[in-house]
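J.: Got a structure for you, questions after.
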Amino acid sequence: MAEVNIHDIIKPENLAYRKSKILTDNVMHYCPGCGHGTTHRVLAEVIEEQDLQSKTVGITPVGCSVLMYNYLDVDFQEAAHGRAPALATAVKRLMPDRFVFTYQGDGDLAAIGTAETIHTCNRGENILILFINNGVYGMTGGQMAPTTLPGMKSSTSPYGRDVKMMGSPIKMADIVALLPGTCYVTRQSVSTAAGVKKLKKAITKAVQYQFENRGTSFIEVVSNCPSGWKMTPVEANKWMEENMFPYYPLGDIKVPQES
Amino acid sequence: MEKEIRLMKGNEAIAEAAIRAGADGYFGYPITPQSEILEYLMEANPQATTGMVVLQAESEVAAINMVYGGAACGKKVMTSSSSPGVSLKQEGITYIAGAELPCLVVNVVRGGPGLGTIQPAQSDYFQATKGGGHGDYHLIVLAPASVQEMADFVELAFDLAFRYRNPAMILSDGAIGQMMEKVELKPFKKRSEEILPWATTGKPAARERNIITSLDLDPERQERFNLKLIAKYREIEEKEVRYEEFQVDDADYILVAYGTSARICQKAIQLARAEGIKAGLLRPITLFPFPKKRLNELASGVKGMLAVEMSAGQMVEDVMLSVNGKTRVSHYGRMGGMIPTPEEVVENLKLFIKG
């Protein structure tokens, strides 16, 4: 059998995918099947393609993505739980020519950081808020989140979320879309190749709007949590499509008015 | 512009001094008795002149986290509040200390606990000097006793904060914040355009990415970081102690007081001396670092020290630790927004002398 060299197979003309230079070589700590890794990758690709590395300041949350700064080769600030939009507000106001984003989970953005989220959007800060909604507190072990679906079981709603006791899951994208300060509000997902492409388009648009000073861009990524949901990655994606998408429908909620 | 003399409130002096010191940003939330700082800055609109950003945040929590974000960019940023608001800021302050960032926090103290009162107090001494939030850390704490010092300490606090990459606090109170005095303002300083090597301003090709965080999940590394912080605090204690003395050379009894209480005690030692009591005053200007060594030296030659504070007795604990049993130490204080009179201090000094 003839020896085959890897370079004989991987040639530029048949290269389907290349790891973004903005992604570091650190091994991600995310669980198999988790949407965080893909979302990081898409964001990294946009930063690379738009040549934004020297202009980017990212703000990481408290939650599963607390260590995001290990994975993207850009300047990062690590915020207290829920406070990323406050940090981003100051960064952008003090350095208006930078690309500033926050990356937050549902507990961070929609529970403890609700005030910061609402008021940052209401002021129309020229930043991107990237919101990963998987309906559960992942890092702390699968507790009920503000976005946990009705009847959904978690370690703090072991009999399923009772909306009479705990209220209904909060739709943050719909709420911030009502505020004049947001220019672009969209809900995406990364469970399919098509979804990944759409998210990339959405982030690219958000970059453009930020440099046009149009206001806050808010991109929700409806995601999964195989570990927290106690499912395989395949089951988790199926469950997400059947249960999360009907409650959190994908698509644009608000797009900028062309001036 | 040249030096300028104006009649101002303490709060206004802080605001004006911040603009003149070349501050890059102020983030605040209204609370009595310090709202004039935010009001003054909004009216002065320094964004149009020096480029200083002024923003009214949605809460004290948001304001201190804006300070965190700005400080992480290497900017000269500050916030101000009063006691209940400063309690809310503690989360952000401990993150800023843990991330080793410079900033200025002003506390125009009012009586507590809880909502307490809007009148002056000195009951946040423990919170200011012992850390305040969770974890092992200290702020550099300056205690102004006049409107002039409210203005002067803004630049000093920023200088110290940047020198040590540590948050600094001006611990004032409602009396100094609200009273009007003559103040000599320094000329305007240009805002710095220097990009600090550790700041998160966007990663150029020439350097590694900068990460501002207070997180380290490795306990050995985290402990090494704690030890580094402690070494920094020891250095601050060696180099940055500031205090002022009045008639301590021949004193039998020394009053120890800062801020508003120190002004009252200045009068009290005059009254005491008129009655033949040889009283002196030591006024700590830095509360952290505390003038421990000087108090210990003075303790050898006096019959006692009386800490006078508008609190139930907080700084007195540091006085006791400083003198380490060398002399008698006691405390006299008023609370809840009450301010002692000089006569009252003398009466209590006499009671202390009687023992």
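J.: Would you mind stating whether B:Arg273 is outside any loop (DSSP other than H, G, I, E, B), in the same structural domain as B:Asp173 (by TED's automatic domain parsing) and more than 16 Å from the chain's Cα centre (by Cα)?
T.: No, not satisfied.
J.: Another question, if that's okay. Considering (1) surrounded by fewer than 22 Cβ atoms within 10 Å (Cβ to Cβ); (2) of a type outside the set (A, V, I, L, M); (3) without any contact (Cβ under 8 Å) to a residue 24 or more places away in the chain; (4) within 14 Å of chain B (Cβ to nearest Cβ), say which one A:His7 fails and leave the rest.
T.: (4)
J.: Determine which single condition A:Tyr30 fails, assuming it passes every other condition in (1) of a type in the set (Ser, Thr, Tyr); (2) out of contact with any helix residue (DSSP H, G or I) (no Cβ under 7 Å at 6 or more places or on another chain); (3) buried (at least 16 other Cβ atoms within 10 Å of the Cβ).
T.: (2)
J.: Would you mention how many residues in the stretch B:5-21 are within 19 Å of B:Lys75 (Cβ to Cβ), surrounded by fewer than 24 Cβ atoms within 10 Å (Cβ to Cβ) and either modelled with pLDDT under 95 or of a type in the set (Val, Ile, Thr) (or both)?
T.: The number of residues fulfilling the criteria is 1.
J.: Follow-up question, since we're still on this one. Among A:Val4, A:Val27, which is the only one that is of a type outside the set (D, E, K, R), in a loop (DSSP other than H, G, I, E, B) and more than 30 Å from A:Met231 (Cα to Cα)?
T.: A:Val4
J.: Name the pairs whose Cβ atoms lie under 8 Å apart, with the first residue in the stretch A:198-212 and under 9 Å from A:Tyr184 (Cβ atoms), the second surrounded by fewer than 18 Cβ atoms within 10 Å (Cβ to Cβ), and 6 or more positions between them or separate chains?
T.: Listed by first residue and then by second, the contacts come to A:Tyr209/A:Pro256.
J.: When you scan the stretch B:172-201, how many residues do you find that are in a loop (DSSP other than H, G, I, E, B) and under 24 Å from the mean Cα position of the chain (by Cα)?
T.: Adding up the residues that qualify gives 7.
J.: So, in the stretch B:90-99, of the ones that are more than 7 Å from chain A (Cβ to nearest Cβ) and within 18 Å of the chain's Cα centre (by Cα), which residue ends up nearest to A:Leu87 (Cα to Cα)?
T.: Result: B:Ile96.
J.: Which condition does A:Glu45 not pass, out of (1) surrounded by fewer than 24 Cβ atoms within 10 Å (Cβ to Cβ); (2) farther than 24 Å from A:Asn26 by Cα; (3) not aromatic (Phe, Trp, Tyr), if it passes all the others?
T.: Tallying (1) surrounded by fewer than 24 Cβ atoms within 10 Å (Cβ to Cβ); (2) farther than 24 Å from A:Asn26 by Cα; (3) not aromatic (Phe, Trp, Tyr), A:Glu45 fails exactly one: (2).
J.: Taking B:Ile19 and the conditions (1) away from chain A (no Cβ under 14 Å); (2) closer than 22 Å to B:Ala175 by Cα; (3) of a type in the set (Val, Ile, Thr), which numbered condition does it fall short on, given that it satisfies the others?
T.: Failed condition: (2).
J.: Determine, yes or no, whether B:Glu309 is at pLDDT 95 or above, closer than 18 Å to B:Thr341 by Cβ and either of a type outside the set (A, V, I, L, M, F, W, C) or surrounded by 23 or more Cβ atoms within 10 Å (Cβ to Cβ) (or both).
T.: For B:Glu309, the condition - at pLDDT 95 or above, closer than 18 Å to B:Thr341 by Cβ and either of a type outside the set (A, V, I, L, M, F, W, C) or surrounded by 23 or more Cβ atoms within 10 Å (Cβ to Cβ) (or both) - is met.
Yes/no per residue for (1) under 21 Å from B:Gln127 (Cα atoms); (2) touching a Ser or Thr at 6+ places or on another chain (Cβ under 9 Å):
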position	(1), (2)
B:Thr327	no, yes
B:Tyr332	yes, no
B:Gly336	yes, yes
B:Val346	no, no
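J.: Also, quick follow-up: If I filter the stretch B:54-63 for residues that are in contact with a Ser or Thr (Cβ under 9 Å, 6 or more places away or on another chain), assigned to a helix (DSSP H, G or I), under 29 Å from B:Ile211 (Cβ atoms) and not charged (D, E, K, R), do I get at least one hit?
T.: So far as the stretch B:54-63 goes, yes, one or more of its residues are in contact with a Ser or Thr (Cβ under 9 Å, 6 or more places away or on another chain), assigned to a helix (DSSP H, G or I), under 29 Å from B:Ile211 (Cβ atoms) and not charged (D, E, K, R).
J.: Yes or no: the stretch B:285-305 includes at least one residue that is of a type in the set (D, E, K, R) and surrounded by 20 or more Cβ atoms within 10 Å (Cβ to Cβ).
T.: Looking through the stretch B:285-305, none of the residues is of a type in the set (D, E, K, R) and surrounded by 20 or more Cβ atoms within 10 Å (Cβ to Cβ).
J.: Would you point out the residue of the stretch B:71-84, among those that are touching a Ser or Thr at 6+ places or on another chain (Cβ under 9 Å) and in a helix (DSSP H, G or I), that is farthest from the other protein chains (Cβ to nearest Cβ)?
T.: B:Ser83
J.: Could you list, in sequence order, all residues of the stretch B:22-55 that are of a type in the set (S, T, N, Q) and either closer than 24 Å to B:Val147 by Cβ or surrounded by 18 or more Cβ atoms within 10 Å (Cβ to Cβ) (or both)?
T.: Passing the criteria: B:Thr32, B:Gln34, B:Ser35, B:Asn45, B:Thr49, B:Thr50.
J.: Confirm whether B:Ser87 is more than 9 Å from chain A (Cβ to nearest Cβ), closer than 24 Å to A:Glu125 by Cα and either among the charged types (D, E, K, R) or within 17 Å of the chain's Cα centre (by Cα) (or both).
T.: no
J.: Does the stretch A:102-110 contain at least one residue that is under 18 Å from the mean Cα position of the chain (by Cα), within 28 Å of A:Gln53 (Cβ to Cβ) and in contact (Cβ under 8 Å) with a residue 60 or more places away in the chain?
T.: There is at least one residue in the stretch A:102-110 that is under 18 Å from the mean Cα position of the chain (by Cα), within 28 Å of A:Gln53 (Cβ to Cβ) and in contact (Cβ under 8 Å) with a residue 60 or more places away in the chain.
J.: Moving on to the next point. Does B:Met52 satisfy the criteria of being closer than 17 Å to A:Ala86 by Cβ and within 14 Å of another protein chain (Cβ to nearest Cβ)?
T.: So B:Met52 fails the test.
J.: Hey, another quick one. So is B:Ile264 assigned to a helix (DSSP H, G or I), farther than 18 Å from B:Val323 by Cβ and in contact with a Pro (Cβ under 7 Å, 6 or more places away or on another chain) or not?
T.: For B:Ile264, the condition - assigned to a helix (DSSP H, G or I), farther than 18 Å from B:Val323 by Cβ and in contact with a Pro (Cβ under 7 Å, 6 or more places away or on another chain) - is met.
J.: Out of (1) under 20 Å from B:Leu215 (Cβ atoms); (2) within 14 Å of chain B (Cβ to nearest Cβ); (3) not in a strand (DSSP E or B), what's the single condition that is false for A:Lys21?
T.: Here A:Lys21 clears every test but (1).
J.: I've got another one for you. Only one of these is out of contact with any strand residue (DSSP E or B) (no Cβ under 9 Å at 6 or more places or on another chain), under 26 Å from B:Ile339 (Cα atoms) and more than 14 Å from chain A (Cβ to nearest Cβ): B:Phe126, B:Phe188, B:Phe153. Name it.
T.: Unique residue meeting the criteria: B:Phe126.
The values are calculated or read from the model by the stated rules, or taken from the named source; none is laboratory data. Here the structure is a predicted model, which means the values were calculated and not measured. Cβ: placed from backbone, ideal geometry, glycine included. Neighbour counts: every protein chain shown.
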